[in-house]
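S.K.: For reference, the structure I am asking about is given below.
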Amino acid sequence: MEFLDRPTRHLFFTGKGGVGKTSVASATAITLADRGARVLLVSTDPASNLDEVLQTELAPVPRPVAGVPGLHALNLDPVAAADAYRERIVGPYRELLPAATITSMEEQLSGACTVEIAAFDEFSRLLGDPSATADFDHVVFDTAPTGHTLRLLTLPSAWSGFLEGSQNGASCLGPLAGLEKQRALYEATLRALADGAATTLVLVTRPERAALAEAARTSTELAALQIRNQHLVINGVFRAAGADPIADALQARSDAALSEMPSALTALPRTEVPLAAHALLGSDALRALLGGGTAPAAEGDVDAAALPPALTSLLPTLEAAGHGVILTMGKGGVGKTTVAAALAAELAARGHRVHLTTTDPAAHVAQTLGDNVAHLRLSRIDPAEETRLYTEEVLATAGAGLDAQGRALLEEDLRSPCTEEIAVFRAFARAVDEGRDGFVLLDTAPTGHTLLLLDATEAYHREVLRQGSNMPEEVRQLLPRLRDPDFTRVLVVTLPEATPVHEAAKLQADLRRASIEPFAWVIEQSFAAVETSDPVLRQRQQRETRYIDEVRGLSQRTVLVPWVPEPPVGLSRLRALVTTGPRPSQNAASQLESTR
């Protein structure tokens, strides 16, 4: 890898969820440590799986990684960071202010934006304060999915602007004097990110059109922040070993995507990492990813008859009531959009009225569906537009009778990041409300963002009371509807791989704590369900069965969607995805031909 020839002190990995950031970041950290460097590997992802990848139990403080002398790793815990941040802001005032005022301050610091700023506070300490990592030669950051990462990176300027423009003494983040103390550290953090001599921004992507488009968007937005010290890593590049229809189709799809790479990426220095046949868990497997070791071998064959049924097996129950909400949830990059679009297309084709929408910042729904479909309406919950509409509503209602000073204070309050959380939450509730009269399919954001959205109810109640807004009826009904198994069906989407399955298991546990029971698990893009003679793909087939069995032990219902030779874009291919299940070996070639 070119960026490892002369590695900078800070290496910052970012990219769309599911592209392999954690694996590539971990392999990079191990490579540097094997060269004799002292390395700290840090995850800033709220849904981190770094423990599992490294096969080491981590904490918010550095811990040595087994089998890799010189390497330490830590997980930044956003919730714990928020607790500590809240106490750091409120603590000095406990003996000075009345109890009611302290309670009000704590409530203002309980929203999702406080978790965001608290996590960034920890991140800034590691990147902007050299003394915090003085014991290490290199600090490698494994970051959250793209939308979260960009928000993380833009916070220094965003919060500086909020501080400079604010005339009131408090915001949803607490007393501004507490934030003012961090200004120098935040500014140092942004300088460090933009310093090409100190930091390399590694954009990790896959040879897929959507992933490359997301990487290009990330690159452009980073450049707008004067962060131009970028390197592109294309992970999972596949080369077929011989004449095999599935392998040939996989390589053709990869080659086509790379040939159409967005111009924003073509000028970047670039490294290609081959598709790994083995599970990327543990130091030996991670070394092999970058060519520094031997991958463990897989054993066994796949019994296609024993695999789960196709997606179509869920339809009789899903459509029985003729209306309701279907949520696709899971780790970024597992195929939530595809599953939501495929089910929406099939339900609409059967004559049902369907609304397909997304809260995902990446919003690939329209691109996936491709065609205009009768009975099917598409939409996107756009955070910027929802925030604008909500702000106008509050100013027109709560701000209508205020004098100039009072209106100025309200406008200031509405500039806080909490306002966006509220606005998006309201839009989510409106979409769910439509499930009374037809089917609503919500392609939701990656796990961490989604859970923040679902967990925002109490924070939302406090905010609308504080800003003088009204509580719409659909918001009052939201949680009861999400908890009603006859109204809302949650589909947990995963891949037949260790990290997506285990992240999905955590998601299911969190949903159950919120009294929301998943309806089914959908295993996407399975090679175990197709016939192939390619040695890399056969090895991947064999190791998939372990995770398919694990999903069966976790779920009430399990369905499987095979990897298909042509991208599932457009009405006909999406509908075919619903009915396609495991195929016997003699049908592999005909499967390929039928999609052309």
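The values are calculated or read from the model by the stated rules, or taken from the named source; none is laboratory data. Just so it is clear, the model here is predicted, and its values are computed rather than measured. When we count neighbours, we look across all protein chains shown, and the Cβ atoms used for this are built from the backbone with ideal geometry, even at glycine. Protein only, heavy atoms only, side chains kept; ligands, DNA and RNA dropped before computing areas. Shrake-Rupley method; radii C 1.70, N 1.55, O 1.52, S 1.80 Å.
Each row is one residue, and each column tells you yes or no for (1) at pLDDT 90 or above; (2) open to solvent by less than 10 Å² (accessible area, probe 1.4 Å); (3) outside any strand (DSSP E or B); (4) touching a strand residue (DSSP E or B) at 6+ places or on another chain (Cβ under 7 Å).
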{"site": "TYR390", "(1), (2), (3), (4)": "no, yes, yes, no"}
{"site": "GLY399", "(1), (2), (3), (4)": "no, yes, yes, no"}
{"site": "ALA408", "(1), (2), (3), (4)": "no, no, yes, no"}
{"site": "ILE422", "(1), (2), (3), (4)": "no, yes, yes, no"}
{"site": "PHE425", "(1), (2), (3), (4)": "no, yes, yes, no"}
{"site": "ARG430", "(1), (2), (3), (4)": "yes, no, yes, no"}
{"site": "HIS449", "(1), (2), (3), (4)": "no, no, yes, no"}
{"site": "GLU458", "(1), (2), (3), (4)": "no, no, yes, no"}
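S.K.: Can you report the number of residues in the range 306-322 which are buried (at least 20 other Cβ atoms within 10 Å of the Cβ) and assigned to a loop (DSSP other than H, G, I, E, B)?
M.R.: Count: 2.
S.K.: What pairs can you find where one residue is in the range 247-276 and more than 17 Å from VAL202 (Cα to Cα) and touching a residue at least 24 places away in the same chain (Cβ under 8 Å), the other is hydroxyl-bearing (Ser, Thr, Tyr) and open to solvent by less than 80 Å² (accessible area, probe 1.4 Å), and their Cβ atoms are less than 7 Å apart, with a gap of 6+ or different chains?
M.R.: ALA247/THR532
S.K.: Could you check the range 185-212 and list, in sequence order, the residues that are hydroxyl-bearing (Ser, Thr, Tyr), under 23 Å from GLU122 (Cα atoms) and outside any helix (DSSP H, G or I)?
M.R.: First, the residues of the range 185-212 that are hydroxyl-bearing (Ser, Thr, Tyr): 186, 189, 199-200, 205.
From what's left, under 23 Å from GLU122 (Cα atoms): 186, 189, 199-200.
Within the range 185-212, THR199, THR200 qualify.
S.K.: Only residues in the range 56-80 that are more than 14 Å from GLY282 (Cβ to Cβ) count as the first member; pair them with residues that are among the aromatic types (Phe, Trp, Tyr), Cβ under 7 angstrom, at least 6 apart or cross-chain, and list the lot.
M.R.: Final answer for the pair search is LEU76/PHE123.
S.K.: Can you find, within the range 18-34, the residue that is nearest to the chain's Cα centre (by Cα) among those that are within 18 Å of ALA276 (Cα to Cα) and open to solvent by 10 Å² or more (accessible area, probe 1.4 Å)?
M.R.: Checked the range 18-34; the qualifying residue nearest to the chain's Cα centre (by Cα) is GLY18.
S.K.: Residues of the range 432-445 being surrounded by fewer than 21 Cβ atoms within 10 Å (Cβ to Cβ), out of contact with any His (no Cβ under 8 Å at 6 or more places or on another chain) and not in a helix (DSSP H, G or I), which ones?
M.R.: none
S.K.: Please list, ordered by first then second residue, the pairs with beta carbon atoms under 9 Å, 6 or more apart or interchain, first in the range 1-15 and closer than 17 Å to LEU290 by Cβ, second aromatic (Phe, Trp, Tyr) and surrounded by 19 or more Cβ atoms within 10 Å (Cβ to Cβ).
M.R.: Pairs that qualify, where the first residue is closer than 17 Å to LEU290 by Cβ and the partner is aromatic (Phe, Trp, Tyr) and surrounded by 19 or more Cβ atoms within 10 Å (Cβ to Cβ), are LEU11/PHE3; LEU11/PHE141; PHE13/PHE141.
S.K.: In this structure, does ARG253 turn out to be under 30 Å from HIS502 (Cα atoms), modelled with pLDDT of 90 or more and open to solvent by 40 Å² or more (accessible area, probe 1.4 Å)?
M.R.: Yes: the conditions hold for ARG253.
S.K.: Would you mention how many residues in the range 556-570 are under 22 Å from ALA374 (Cα atoms) and buried (at least 20 other Cβ atoms within 10 Å of the Cβ)?
M.R.: Residues flagged as under 22 Å from ALA374 (Cα atoms) and buried (at least 20 other Cβ atoms within 10 Å of the Cβ) within the range 556-570 amount to 1.
S.K.: Here's something else I'd like to know. From (1) in contact with a helix residue (DSSP H, G or I) (Cβ under 9 Å, 6 or more places away or on another chain); (2) buried (at least 16 other Cβ atoms within 10 Å of the Cβ), pick out the condition that doesn't hold for THR220.
M.R.: Evaluating THR220 over (1) in contact with a helix residue (DSSP H, G or I) (Cβ under 9 Å, 6 or more places away or on another chain); (2) buried (at least 16 other Cβ atoms within 10 Å of the Cβ) leaves (2) as the failure.
S.K.: Give the range 35-87 a look and list any residue that's open to solvent by 30 Å² or more (accessible area, probe 1.4 Å) and touching a strand residue (DSSP E or B) at 6+ places or on another chain (Cβ under 9 Å), or say none.
M.R.: ARG38, ASP51, GLU57, PRO60, VAL61, PRO62, ARG63, PRO64, GLY70, HIS72, ARG86
S.K.: Here is a check on your reading of the model: is ALA241 open to solvent by 10 Å² or more (accessible area, probe 1.4 Å) and touching a residue at least 60 places away in the same chain (Cβ under 8 Å)?
M.R.: Yes.
S.K.: Scan the range 321-335 residue by residue and report those that are over 15 Å from ASP484 (Cα atoms) and aliphatic (A, V, I, L, M).
M.R.: Scanning the range 321-335 gives MET329, VAL334.
S.K.: Right, another one. Filter the range 495-548 for residues that are free of Cβ contacts under 8 Å to residues at least 40 places away in the same chain and open to solvent by 20 Å² or more (accessible area, probe 1.4 Å); which is nearest to ALA341 (Cα to Cα)?
M.R.: GLU517
S.K.: Are any residues in the range 306-337 among the aliphatic types (A, V, I, L, M) and in contact (Cβ under 8 Å) with a residue 12 or more places away in the chain, and if so, which ones?
M.R.: Matches in the range 306-337: LEU307, ALA310, LEU311, LEU314, LEU315, LEU318, ALA321, VAL325, ILE326, LEU327, MET329, VAL334.
S.K.: Looking only at the range 342-359, decide whether some residue is modelled with pLDDT under 90 and closer than 25 Å to PHE238 by Cβ.
M.R.: no
S.K.: Continuing with this model, one more query. Quick check on the range 476-484. Is at least one of its residues modelled with pLDDT under 90, over 26 Å from GLY332 (Cα atoms) and surrounded by fewer than 14 Cβ atoms within 10 Å (Cβ to Cβ)?
M.R.: Yes, the range 476-484 has at least one match.
S.K.: Can you work out which of the residues in the range 411-420 that are modelled with pLDDT under 80 and in a helix (DSSP H, G or I) is surrounded by the most Cβ atoms within 10 Å (Cβ to Cβ)? Can you show your working first?
M.R.: First, pick out the residues of the range 411-420 that are modelled with pLDDT under 80: 412-420.
Checking the rest, the ones that are also in a helix (DSSP H, G or I) come to 412-414, 418-420.
Values: GLU412: 15, ASP413: 21, LEU414: 21, CYS418: 27, THR419: 20, GLU420: 18.
Per the criteria, the residue is CYS418.
S.K.: Quick check on my filter: what residues within the range 2-17 are open to solvent by 10 Å² or more (accessible area, probe 1.4 Å), under 25 Å from the mean Cα position of the chain (by Cα) and farther than 30 Å from MET329 by Cβ?
M.R.: Residue satisfying the conditions is HIS10 alone.
S.K.: Another question, if that's okay. Considering only residues that are modelled with pLDDT of 85 or more, part of a helix (DSSP H, G or I) and not polar (S, T, N, Q), which ones fall in the range 361-388?
M.R.: GLU385, GLU386, ARG388
S.K.: Tell me, which residue of the range 256-280 that is in a loop (DSSP other than H, G, I, E, B) and hydrophobic (A, V, I, L, M, F, W, C) is most open to solvent (accessible area, probe 1.4 Å)?
M.R.: ALA267
S.K.: So which helices (runs of 4 or more DSSP H) stay within the range 492-579 end to end and still have 2 or more residues that are acidic (Asp, Glu)? Reasoning before the result, please.
M.R.: Details: elements: 498-513, 535-554, 571-579.
Once the helices (runs of 4 or more DSSP H) in the range 492-579 are filtered for at least 2 residues that are acidic (Asp, Glu), what remains is 498-513, 535-554.
S.K.: Any idea which residue in the range 373-389 is farthest from THR359 (Cα to Cα), counting only those that are without any contact (Cβ under 8 Å) to a residue 24 or more places away in the chain and acidic (Asp, Glu)?
M.R.: GLU385
S.K.: Kindly indicate which of VAL325, VAL334 is among the aliphatic types (A, V, I, L, M), at pLDDT below 95, open to solvent by less than 10 Å² (accessible area, probe 1.4 Å) and touching a Gly at 6+ places or on another chain (Cβ under 8 Å).
M.R.: On the way: VAL325 fails: at pLDDT below 95.
Selected residue: VAL334, the only one of VAL325, VAL334 that is among the aliphatic types (A, V, I, L, M), at pLDDT below 95, open to solvent by less than 10 Å² (accessible area, probe 1.4 Å) and touching a Gly at 6+ places or on another chain (Cβ under 8 Å).
S.K.: Suppose the filter is under 19 Å from ALA277 (Cβ atoms), touching a residue at least 40 places away in the same chain (Cβ under 8 Å) and part of a helix (DSSP H, G or I); does ALA215 pass it?
M.R.: No, not satisfied.
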